[in-house]
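The structure under discussion appears below in the form of structure tokens.
The values are calculated or read from the model by the stated rules, or taken from the named source; none is laboratory data. Worth saying up front: this structure is predicted, and the values here are computed from it rather than measured. Cβ: placed from backbone, ideal geometry, glycine included. Neighbour counts: every protein chain shown.
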Amino acid sequence: MIYKINDQPNMEKMSHKEKIWQVIHKIPKGNVASYGLVAKLAGLPGYARYVGYTLKCLPVQTKLPWHRVVSAKGAISFEQGTKKYIRQKSLLEKEGIPFLKGKFSMKQYEWKQSLEES
DNA sequence: TCCTTGACGGAGA
DNA sequence: ATCTCCGCCAAGG
């Protein structure tokens, strides 16, 4: 299906996955958001696991900044040392977020949506 | 239908 | 700080 970046369609009529894509697309570069926060901002509180499922279904060449979504503790949800793990880690470090002791500081880098808009 | 499987989260211990 | 356990919820067998 065609997904236009700048559309702000009627949330009621969007599928859950579309709502989730919309939210992830808005995560600013240099910030991260937990699966739970993405779900909440998408109007789907409690759907943290579903956010993970949605990301798993993304095509490899997606433009969506999936790497900015991490666990609530700031850890990467892939098995340590795997290619995916290393890829996500480097993409975020490239955006200036330090990875210390196996995690990113949510306190400092988690997206504060309220300060940005709405 | 029922059961299992996760890119989850948080309350306890 | 860690680790386990359990509730969550859609998908896929």
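Tabulated values for the structure
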item	result
Every residue from the stretch A:65-89 that is among the polar types (S, T, N, Q), part of a loop (DSSP other than H, G, I, E, B) and under 12 Å from the mean Cα position of the chain (by Cα)	A:Ser71, A:Ser77
Selection count where residues are near DNA strand B (Cβ under 7 Å from one of its atoms), assigned to a loop (DSSP other than H, G, I, E, B) and of a type outside the set (A, V, I, L, M, F, W, C), scope the stretch A:38-59	0
Where a residue in the stretch A:90-113 is of a type in the set (Val, Ile, Thr) and part of a helix (DSSP H, G or I) and its partner, wherever it lies, is within 15 Å of DNA strand B (Cβ to nearest atom) and modelled with pLDDT under 95, with Cβ under 6 Å and at least six apart	none
Tally, over the stretch A:19-37, of residues that are within 8 Å of DNA strand B (Cβ to nearest atom) and either closer than 15 Å to A:Lys112 by Cβ or in contact with a Pro (Cβ under 9 Å, 6 or more places away or on another chain) (or both)	3
Subset of the stretch A:50-81 (residues that are among the charged types (D, E, K, R) and within 22 Å of A:Gly96 (Cβ to Cβ))	A:Lys63, A:Arg68, A:Lys73
Flag for A:Thr62 being assigned to a helix (DSSP H, G or I) and either more than 19 Å from A:Lys112 (Cβ to Cβ) or more than 11 Å from DNA strand B (Cβ to nearest atom) (or both)	no
